[in-house]
Amino acid sequence: MNKINPWLISTLILLGIIIGFGVSKIPYFNKSETKTSTIEADKNENKQPEPDSPKPEVKIFPTDEAAKLVDDDAAKGDGTAPVTIVEFSDFQCPYCARFAANTISQIDENYIKNGKVKVVYRDFPLDSHKNAVPAALAAQCAGEQGKFWEMHDVIFEKQSEWDESAEAAEKFKNYSKQLGLDVKKFNACFDSKKYEDEIQKDLIDGVAAGIQGTPGSFLNGKEVAGFCWSQSRYTGKYEWQKMSGAMPYETVFKPVIEAELTGKKWELVFEPFTCELSVKTE
């Protein structure tokens, strides 16, 4: 079977993002980060066109297909948890590191530890991040010895040490030693690129699921994303732009998880032009 080049795929993803969605590769911006553009929007309110097409639908997988998103990747939490979050991520992505530190950590403390949520990590290394695949290999090889999440945390916490380093491989091997792994086994796994095909499969599955940037998340089969009618920074045109990425815990994931746990429907709503975010539940 011919393999699909993951670097070609990720390059096509980025081209699709720039052409089709504009800011969709830009992680979630909070209100303060869009203050200037909001003021400008207010000044030119009369010049802003209203949507000329229906708002696109967020990707939602049926239950049986949502289960396939999980695959056999590293998971944290009770296997029978009522809420499953599938995260497509890139170890070299700074927003992914922020998401792990600020959002996933709080989900872990408040929902994973009490059996309400399970998080599945899947790799989505971008072409522009040359050390993303080696980092993913390091995490997978640590997983062979039962320490995927420990390596996951170290790699993200020390991202600035290795992200642009020509010595990234040696740094990952040093991390394995710090974590108390069998270094000989880890090095053999890492040097052989044992999990390269698995990482490639994650990337292909992410593309098929509609992931267009990192981090990208699904919660019980529904993509944690939304659409905003605003001016594209790439084309200058007003269009529906997909908003996804490093969504915050308190104002997005917490209410969304609570909605799922109580059987409510939820939707991420972005105000036209300003893209100010709120979560609607019913």
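Percent of alpha carbon pairs in the stretch 136-282 separated by more than 19 Å?
Of the Cα pairs, 65 percent sit more than 19 Å apart.
Can you work out the Karplus-derived ³J(HN,Hα) for every residue in the stretch 52-68? Use 6.51 cos²θ - 1.76 cosθ + 1.60 with θ = phi - 60°, whole Hz, and x for glycine or proline.
Once rounded to whole Hz, the list reads 9, 8, x, 5, x, 8, 6, 5, 10, 8, x, 3, 5, 6, 4, 4, 6.
Among the GluC sites (Glu not before Pro) within the stretch 136-176, which fall in a DSSP loop and have no more than 14 other Cβ atoms within 10 Å of their own Cβ?
Glu164, Glu167
Take the residue pairs Lys173/Lys242; Lys76/Lys171; Lys68/Lys280 and return only those whose Cα atoms are more than 31 Å apart.
As for pairs spanning more than 31 Å Cα to Cα, those are Lys173/Lys242.
How many angstrom lie between the C-alpha centres of the stretch 166-206 and the stretch 57-109?
So the two Cα centres are separated by 21 Å.
For Lys130, go through the aspartates and glutamates and keep the ones whose alpha-carbon is under 19 Å away, minus same-chain ones fewer than eight residues off.
Of all the aspartates and glutamates, those that pass the test against Lys130 - Cα under 19 Å, at least 8 places apart if same chain - are Asp90, Glu157, Glu161, Asp163, Glu164, Glu167, Glu170, Asp191, Glu196, Asp197, Glu198, Asp202.
With a cap of 13 neighbouring Cβ atoms within 10 Å, and only residues DSSP puts in a loop, list the trypsin sites (Lys or Arg not before Pro) found in the stretch 225-282.
Arg233, Lys237, Lys264, Lys265
Since every read-out is calculated from the coordinates, none of them should be taken as a lab result. These numbers come from a predicted model, not from an experiment. A quick note on method: Cβ atoms are made from the backbone with ideal geometry, for glycine too, and the neighbour counts reach across all protein chains shown.
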